[in-house]
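Participant: One structure follows; several queries about it will come next.
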2 protein chains.
Amino acid sequence: MITTLFLTASGHDEHARILLAFAFVLVGAKLFGAVVERLGQPAVLGELLFGILLGNLALLGGPSLAALEASETFAILAELGAILLLFEVGLESTPKDMMAVGLPATLVAVVGVVTPMVLGYGVDQLMHGQDSWMAHAFVGAMLAATSVGITARVLQGAKAIKTPSARIILGAAVIDDVLGLVVLAIIAGVIKAAAAGTTLDAMGIAAIMVKAFAFLFGAIAIGSFLSPRIFRHALAIRSTGVVQALSLSLCFGLAWLAMQAGLAGIVGAFAAGLVLEDVHFEDHVKRGEKPLHESLHSITALLVPIFFVRMGMLVHVDNFLKPGVMGFAVLLTVAAMIGKWACGLAAPRGVSRVTVALGMMPRGEVGLIFAGIGASLMIQGHAVVSPETYAAAVFMVVVTTMATPPLLLWSLKRDGAAAPS
Amino acid sequence: MITTLFLTASGHDEHARILLAFAFVLVGAKLFGAVVERLGQPAVLGELLFGILLGNLALLGGPSLAALEASETFAILAELGAILLLFEVGLESTPKDMMAVGLPATLVAVVGVVTPMVLGYGVDQLMHGQDSWMAHAFVGAMLAATSVGITARVLQGAKAIKTPSARIILGAAVIDDVLGLVVLAIIAGVIKAAAAGTTLDAMGIAAIMVKAFAFLFGAIAIGSFLSPRIFRHALAIRSTGVVQALSLSLCFGLAWLAMQAGLAGIVGAFAAGLVLEDVHFEDHVKRGEKPLHESLHSITALLVPIFFVRMGMLVHVDNFLKPGVMGFAVLLTVAAMIGKWACGLAAPRGVSRVTVALGMMPRGEVGLIFAGIGASLMIQGHAVVSPETYAAAVFMVVVTTMATPPLLLWSLKRDGAAAPS
């Protein structure tokens with residue numbers, strides 16, 4: 001049946017509400033994003049803060065937007081935003097980049113995943129001792145993934161993107177993403193097995209790990225072989241929009257395949273992004289069509305703010321008033337910071353250890369996606385990531401992100417690597 | 001609650017299905033579109049045919065996609081496509097263009113709306129005499145709106161876009177859209193009143209008409225006054241993506257407002273498109289950002305094919321085997337053609353009447369949107385547009401669209417207006 005979007009006269013109708021929410025969220029996210037950008041912060045922080053404001057309007061005497069928060073369509077559009085975001089993250093690197101980062105960056109990445117996980121586990125065990133070890137492990141995993149976009153922007157602004165420290169940070173962040181996704185697959189697998197009443201032994205965990213790596217490397221190997229060939233034929237059609245349609249199909253198709261393999265959809269989207277390279281579309285750009293990242297950007301500019309605003313809306317700030325929550329949030333943030341500072345110790349000689357430590361610090365979109373996944377997973381009838389833990393996780397993301405630009409700039413100046421501004 | 005998109009392992013899960021459907025629909029629509037473009041037809045026909053194929057796979061021994069057809073999310077995404085499509089149609093003209101088309105084009109437009117409506121009403125009364133007069137009127141309204149995109153592309157290809165005939169056709173098509181939307185508002189209002197158990201008298205109909213015109217002209221007048229001022233301030237923010245976010249917000253916001261006024265959402269989206277003009281964003285393009293129609297196009301390239309594929313899926317071809325349906329489809333198509341040929345008689349002197357008649361002939365996206373709305377409206381428990389009538393309407397759209405390019409090219413050559421190819 002065709003729904004009644006076009007004709008409905010009721011303001012309470014789901015479809016009309018979605019249109020209004022779209023209008024409102026886009027303008028608000030843009031305004032808040034622009035203001036925090038003025039303050040030298042990334043736009044995503046403004047979008048998140050706008051979401052927190054929207055989700056807590058009732059506390060300020062405003063209307064409750066609980067209906068919007070509960071809307072399935074709003075949720076799906078936000079999730080499409082997350083899928084496309086990870087696709088964009090993947091597009092920024094190639095399999096060759098991943099191979100080329102070498103041992104030093106891999107070592108930094110491994111330290112930057114293991115240390116925060118251990119510290120996060122410890123903090124959660126200390127504060128929420130009654131919870132299962134699986135919940136502790138999940139909280140640890142939320143601290144694993146560096147959000148390199150913020151660091152990259154600072155490095156670029158300071159004209160320090162070509163320094164050895166920058167190369168280590170950017171390389172480690174790519175490996176970091178892969179390791180984080182695999183860790184997520186393992187912990188989610190363990191939790192789902194527990195929810196189904198079975199426990200996973202070491203063999204079961206190894207099986208998930210093998211499946212995750214096999215999917216990622218299989219998708220990348222097969223995709224890298226096939227995609228230039230498919231795109232070469234597709235471009236022979238000489239129809240506008242072929243590259244966009246095929247690339248998005250690859251993204252959605254691999255996301256679906258990842259889900260069929262029991263992994264997160266974002267793993268597939270990330271693999272799709274890694275596989276695609278600009279060289280596949282050179283002819284297409286020569287013909288005067290827009291390069292993929294540009295046409296993709298218009299779509300992500302629409303859907304990604306919806307994701308971040310929604311993530312903000314899910315933070316109910318009254319949780320911070322509950323006993324222990326603020327303390328937990330602060331401890332989690334400290335664990336997240338110290339955990340990534342440990343990366344500096346793993347940095348090779350000739351590289352500024354302080355810069356590497358601070359550059360790995362910001363946690364952003366991937367941490368938020370992990371927190372959202374945790375909120376949807378259940379152990380014994382409780383969400384793995386409770387509303388309180390979710391609020392603390394967002395606090396951690398906001399603080400680590402906001403603290404990075406000034407600290408990193410200070411360190412770059414200390415290194416003598418920053419261009420005089 | 002955050003839904004389980006990221007982690008689901010089940011292939012039957014709604015979210016995984018949407019991702020797969022997205023992947024499949026995008027590639028299929030693009031391929032079919034490219035093939036029919038090779039044959040000199042517009043891509044939308046290919047998308048529609050791909051949808052018809054998908055919706056009737058079961059007849060060919062394939063799997064049934066009824067679950068996809070029934071998916072609420074797929075429906076909403078398709079409807080966002082329709083909203084954005086009408087926004088794009090509106091963007092192609094400005095209020096000034098509308099004022100400037102003058103009396104001759106207005107006369108052509110009025111004839112081109114009234115004649116097909118009368119003929120469509122007659123055909124439906126002849127074939128479905130048992131139905132209400134409101135159903136007949138709705139079938140007539142489906143024939144009203146010219147899809148000028150197809151004609152414009154042919155005129156452009158033949159380098160005849162600056163001829164007097166072309167100016168009359170393009171001007172009339174704009175007025176045509178407005179009249180069609182108002183007719184839709186009136187008929188839908190009558191049907192909704194009937195469904196609520198009341199009948200609208202002449203006064204009630206006049207009230208709807210006044211409301212529709214008041215909304216359109218009010219939105220255009222206020223919007224034309226405010227939008228340059230708002231955009232001037234917004235551009236002062238100098239944040240990338242401001243124009244896209246604000247424009248889409250205006251589109252969704254006016255669509256919502258139209259729905260609150262009891263009109264179709266597409267009326268608001270069209271008005272939003274009319275109001276926005278490139279001059280508002282000149283500074284923004286000078287700063288190196290993409291012009292609005294380009295960034296918008298990446299989004300419509302994603303969502304509009306979903307709309308057309310879905311419209312095709314709703315055609316169940318076995319309806320054509322039912323007695324009378326094929327005959328009705330043919331009669332409706334003839335009524336649609338003759339109805340628009342009457343425009344030629346209203347064309348002013350010095351203009352090729354045959355070219356105007358043929359140029360006004362194609363019915364496309366707007367006719368399909370009307371048919372979809374009719375399928376969602378109920379009179380006495382029956383859809384105003386039954387599955388059989390819906391199938392016939394799509395037949396009419398396909399035939400009038402396919403017949404236009406060759407006939408129009410022939411007429412342009414006869415006029416001596418076409419550039420030698």
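The values are calculated or read from the model by the stated rules, or taken from the named source; none is laboratory data. Computed from a predicted structure; not experimentally measured. Quick reminder, even Gly has a Cβ in these numbers, built from the backbone with ideal geometry, and neighbours come from all protein chains shown.
Participant: Of all residues in the range B:377-396, count the ones that are part of a helix (DSSP H, G or I) and surrounded by fewer than 18 Cβ atoms within 10 Å (Cβ to Cβ).
Facilitator: 1
Participant: Check B:103, B:77, B:65, B:107 and return the single one that is aliphatic (A, V, I, L, M) and under 18 Å from the mean Cα position of the chain (by Cα).
Facilitator: When all the criteria are applied, what remains is B:77.
Participant: Test residue B:210 against the criterion of being assigned to a helix (DSSP H, G or I) and over 26 Å from residue B:409 (Cβ atoms), and give yes or no.
Facilitator: yes
Participant: Could you tell me whether residue B:273 is under 30 Å from residue B:211 (Cβ atoms), in contact with a helix residue (DSSP H, G or I) (Cβ under 6 Å, 6 or more places away or on another chain) and either modelled with pLDDT under 90 or surrounded by fewer than 24 Cβ atoms within 10 Å (Cβ to Cβ) (or both)?
Facilitator: Spelling it out, residue B:273 is indeed under 30 Å from residue B:211 (Cβ atoms), in contact with a helix residue (DSSP H, G or I) (Cβ under 6 Å, 6 or more places away or on another chain) and either modelled with pLDDT under 90 or surrounded by fewer than 24 Cβ atoms within 10 Å (Cβ to Cβ) (or both).
Participant: Out of A:366, A:399, report the one residue that is surrounded by fewer than 24 Cβ atoms within 10 Å (Cβ to Cβ) and at negative phi.
Facilitator: A:399
Participant: Give me the pairs, please: first residue somewhere in the range A:397-415 and acidic (Asp, Glu), second residue anywhere and not in a helix (DSSP H, G or I), beta-carbon distance under 9 Å, and either six or more positions apart or on two chains.
Facilitator: A:415/A:160; A:415/A:163; A:415/A:352
Participant: Here is a follow-up. Here's a check for you: in the range B:289-339, which residue that is at the interface with chain A (Cβ under 10 Å from one of its Cβ atoms) and not in a helix (DSSP H, G or I) is modelled with the highest pLDDT?
Facilitator: This residue is B:314.
Participant: Another one. If I ask for residues that are among the hydroxyl-bearing types (Ser, Thr, Tyr) and closer than 24 Å to residue A:15 by Cα, which ones from the range B:45-83 would you list?
Facilitator: If the condition is that a residue be among the hydroxyl-bearing types (Ser, Thr, Tyr) and closer than 24 Å to residue A:15 by Cα, then B:71, B:73 are the ones that fit.
Participant: Continuing with this model, one more query. Contact list please: Cβ distance under 6 Å, first residue in the range A:374-388 and within 10 Å of residue A:194 (Cβ to Cβ), second residue small (Gly, Ala, Ser) and outside any helix (DSSP H, G or I), pairs at least six apart or on different chains.
Facilitator: Short answer, once both residue conditions are applied: A:379/A:132.
Participant: Tally time: how many residues in the range B:27-67 are within 14 Å of chain A (Cβ to nearest Cβ), over 24 Å from residue B:371 (Cα atoms) and part of a loop (DSSP other than H, G, I, E, B)?
Facilitator: Total satisfying the criteria: 2.
Participant: Please pick out the residue among A:28, A:90, A:33 that is at pLDDT 85 or above and buried (at least 23 other Cβ atoms within 10 Å of the Cβ).
Facilitator: Criteria check complete, one pass: A:33.
Participant: State the number of residues belonging to the range A:367-393 that are hydrophobic (A, V, I, L, M, F, W, C) and more than 13 Å from chain B (Cβ to nearest Cβ).
Facilitator: The number of residues fulfilling the criteria is 3.
Participant: Could you check how many residues of the range A:124-138 are over 10 Å from residue A:384 (Cβ atoms) and crowded, with 24+ Cβ neighbours inside 10 Å?
Facilitator: 1
Participant: Ok, one more. Could you tell me whether the range B:281-295 includes any residue that is of a type in the set (Gly, Ala, Ser) and under 22 Å from the mean Cα position of the chain (by Cα)?
Facilitator: Yes, the range B:281-295 has at least one match.
Participant: Still on this structure, I have one more. Keeping to the range A:233-279, report how many residues are closer than 17 Å to residue A:91 by Cα, facing chain B (nearest Cβ under 8 Å) and of a type in the set (Phe, Trp, Tyr).
Facilitator: Selection size over the range A:233-279: 1.
Participant: State the number of residues belonging to the range A:195-218 that are crowded, with 17+ Cβ neighbours inside 10 Å and within 14 Å of chain B (Cβ to nearest Cβ).
Facilitator: Here the count works out to 4.
Participant: For residue B:222, all conditions in the list (1) away from every other protein chain (no Cβ under 14 Å); (2) touching a residue at least 12 places away in the same chain (Cβ under 8 Å); (3) over 24 Å from the mean Cα position of the chain (by Cα) hold save one; what is the number of the exception?
Facilitator: Condition not satisfied by residue B:222: (2).
Participant: Now, a different point. Name the helices (runs of 4 or more DSSP H) wholly within the range A:68-144 that hold at least 2 residues that are more than 14 Å from chain B (Cβ to nearest Cβ) and in contact with a Pro (Cβ under 9 Å, 6 or more places away or on another chain)?
Facilitator: Qualifying helices (runs of 4 or more DSSP H): A:102-127.
Participant: Another one. Can you tell me which of (1) without any contact (Cβ under 8 Å) to a residue 40 or more places away in the chain; (2) at the interface with another protein chain (Cβ under 9 Å from one of its Cβ atoms); (3) not aromatic (Phe, Trp, Tyr) is the one residue B:282 doesn't meet?
Facilitator: Looking at each condition in turn, residue B:282 falls short on (2).
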